[in-house]
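Quick notes on the structure that follows.
The values are calculated or read from the model by the stated rules, or taken from the named source; none is laboratory data. Small disclaimer: the values here were computed from a predicted structure and weren't measured. Neighbour counts run over all protein chains shown; Cβ positions are idealised from the backbone, glycine included.
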Amino acid sequence: MSVHFKMSAEIQDYFSYVMNPGGFKVAEDKNKFIKFDVYYCCALVGLAACKKDDNKSDLSDIVPTYPKEYRNTKAYIAGLLVASEAKKNGINIHNPKLEEIMLTYLSSDDDTMLSDLGVETLNAYSLKGARILQEYMLDRPSSKEEFLQFFYSVMKGFDE
């Protein structure tokens, strides 16, 4: 895989109070997330909203593949990406076009189970999810708990 999971410098700065500077490493400060935790939460928000931000101008690599803590969830993440793309395109599970989406975004040749386009698309969902979270926050979160409260509130809104 030549495409990595990416996050914009602006988003990294916005969430810097709750993120460990090392994207892949376990947080030295147990009160902080690894960068991928924040990336993943932002991706979940973007996927739930079925909204992407394709602006790649400020993106930088955070990790080349899933951190150890996320390796068991790669099929779930891939499935969420396919489900969101299908929903966004009005394709249900019985539609033959679902196979096209799967072939476009998934790859059995990669450790992430995603094609390069799949990773790029997940990056776009994560960026939009970060923007959605920013809209709901009055100020940048100063703790994991505060971040998770906003994340929960935003995600709960998609259930309604």
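Worth pointing out:
- Lone unmet requirement of (1) in contact with a helix residue (DSSP H, G or I) (Cβ under 8 Å, 6 or more places away or on another chain); (2) at pLDDT 90 or above for residue 31: (2)
- Listed by first and then second residue, the pairs with beta-carbon distance under 8 Å, at least 6 apart or on different chains, first residue in region 96-119 and at positive phi, second exposed (fewer than 13 other Cβ atoms within 10 Å of the Cβ) and of a type outside the set (Asp, Glu), are 113/75.
This table checks each residue for (1) farther than 18 Å from residue 148 by Cα; (2) at pLDDT 95 or above.
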{"residue": "35", "(1), (2)": "no, no"}
{"residue": "46", "(1), (2)": "no, yes"}
{"residue": "74", "(1), (2)": "yes, no"}
{"residue": "105", "(1), (2)": "yes, yes"}
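- Taking every residue in region 65-84 that is small (Gly, Ala, Ser) and pairing it with any residue that is in a loop (DSSP other than H, G, I, E, B), at least 6 positions away or on another chain, the pairs with Cβ-Cβ distances below 7 Å are 75/113; 78/113; 84/50.
- Among (1) touching a residue at least 40 places away in the same chain (Cβ under 8 Å); (2) within 16 Å of residue 122 (Cβ to Cβ), the one test that residue 58 misses: (2)
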